[in-house]
1. Give a residue-ordered list of calculated ³J(HN,Hα) values for the stretch 375-382 (Karplus: 6.51 cos²θ - 1.76 cosθ + 1.60, θ = phi - 60°; whole Hz; x for Gly, Pro).
2. Given Cα pairs under 8 Å that are at least 6 residues apart, what percent is the relative contact order of the stretch 170-268?
3. Just how large is the dipole of the stretch 97-215 about the Cα centre, in debye to the nearest 20, putting +1 at every Lys and Arg Cβ and -1 at every Asp and Glu Cβ?
4. Quick check for you: which residues of the stretch 62-90 have the amide N under 19 Å from the point 7 Å beyond the Cα of Ser155 toward its beta carbon?
5. Say the dipole of the chain comes from +1 at the beta carbon of Lys and Arg and -1 at that of Asp and Glu; which of Thr199, Thr359, Cys51 then lies farthest toward its positive end?
6. Give me the percent relative contact order of the chain, please, defined on Cα pairs under 8 angstrom at least 6 residues apart.
7. Can you sort Phe212, Phe373 from fewest to most other Cβ atoms within 10 Å of each residue's own Cβ?
8. Per DSSP H run of n ≥ 4, the term is -39500 (n - 2.57); total these for the chain, divide by its residue number, and report the mean residue ellipticity at 222 nm rounded to 500 deg cm²/dmol.
Amino acid sequence: MKIEFLSMLLLCSTTLSAQEDKKEEEEGFQFTVIKENPITSTKNQNRSGTCWAYSSLGFFEAELLRMGKGEYNLCEMYLAHKTYEDRAKATVRLHGDMDFSQGGSFYDAVYCMKNYGMIPEEAMPAPGTLYGDSLPNFNEFFSMLEPQVAAIAKSNQKKLSPVWFKPINATLDAYLGEVPTEFTFGGKKYTPQSYMASTGLNMDDYVSLTSFTHHPFYSQFVIEVQDNWRWGLSYNLPLDEFMQVMESAVKNGYTFAWGADVSEDGFSREGIAVCPDVQKMKETGGSDYEHWFGKSSTTADRKKGLTSKPLPEIAVTQQMRQEAYDNWETTDDHGMLIYGIAKDQDGKEYFMVKNSWGTDYKYKGVWYASKAFVAYKTMNILIHKNAIPKNIAKKLGL
């Protein structure tokens with residue numbers, strides 16, 4: 001009898017759990033694709049601060065698909081190697097008065113591809129950062145590299161020796177692989193410059209766009225974040241036109257690299273990026289607030305509630321964007337790729353985002369970012385200038 005009773009309890013518990021899972025699934029997000037442009041496979045940056053390399057090269061791979069050039073697999077570690085070379089030299093020239101770190105910007109990819117060329121993934125020796133695994137790990141690498149750069153940049157020497165860069169470059173070679181000057185790919189011999197030329201990509205066709213009020217609209221300025229260390233310029237648009245560019249681009253077959261703040265509670269590891277209007281829901285009354293977020297008062301449960309199902313969102317304004325940037329609430333966190341538009345069960349539209357955290361997530365490496373989140377938390381985008389509506393491009397002088 002005791003065994004039967006325990007079995008019944010277990011059965012009831014299992015049934016209730018299954019019913020709760022089904023209810024949660026029904027109440028959760030249900031997406032329908034409106035427009036989806038071709039992209040290459042999702043990669044995993046693992047323990048490396050190279051989202052800027054994965055997102056920018058993922059963008060250019062998507063551009064090659066759009067151009068009818070076929071599927072490319074461009075080398076992130078080549079881009080990282082050349083960028084860290086330049087960043088180390090710039091840090092030394094500025095006597096350490098610049099941030100030397102793993103991060104970077106979309107402009108690093110543009111600059112590198114224009115000045116140093118590019119190589120396919122297969123042309124780079126397996127980087128030492130793999131530690132015998134298949135994924136990059138920069139933990140040991142940068143614990144070696146940062147002190148090397150700092151030791152030179154902040155030294156009291158009156159004159160540098162002509163070999164100061166050699167040990168830094170040796171560390172880059174050891175952990176990222178040696179940069180090839182020549183290689184054979186597809187039965188043909190290339191240099192990085194000739195391989196880049198063979199792609200047909202023209203870096204002069206790509207521009208960075210943003211939207212802030214501390215600089216004049218329809219002009220260019222340097223976005224003041226540490227990883228924009230090359231001082232790349234961005235065209236400044238009013239928020240409504242900035243959003244118009246993004247929506248129009250996707251609907252007309254273009255993708256774009258997306259730099260955004262992902263430190264918000266509304267950006268979840270489950271593939272959702274939203275800006276729920278928590279204050280408004282609190283003001284409507286406790287019962288309604290509990291309806292959306294549940295009765296639990298733990299921070300973890302509250303955060304999970306923000307991204308568990310479609311909720312009313314804030315109406316983003318230009319002023320809100322600016323205040324969040326000025327107050328360090330919007331930071332330059334992460335680079336991704338926007339390639340599509342989908343809608344949820346309520347008809348609200350979201351941008352489809354290719355991330356670089358692998359595929360072990362709910363939507364297999366895809367994130368769905370609401371238009372409110374994109375309007376509020378976008379730092380900048382890198383886009384083909386032909387994707388910009390003609391009336392807006394004219395205002396920018398493009």
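Readers should treat all values here as calculations from the given coordinates under stated rules, not as data from a laboratory. Predicted model, so just to flag it, every value in this text is computed and none were measured. Heads up, the Cβs are rebuilt from the backbone with ideal geometry, glycines too, and the neighbour counts pull from every protein chain shown.
1. 5, 7, 10, 7, 7, 6, 10, 10
2. Contact order relative to length: 17 percent.
3. That gives a dipole near 480 debye.
4. 85-90
5. Final value for the positive-end residue is Thr199.
6. Relative CO of the chain lands at 23 percent.
7. Phe212, Phe373
8. -12500 deg cm²/dmol
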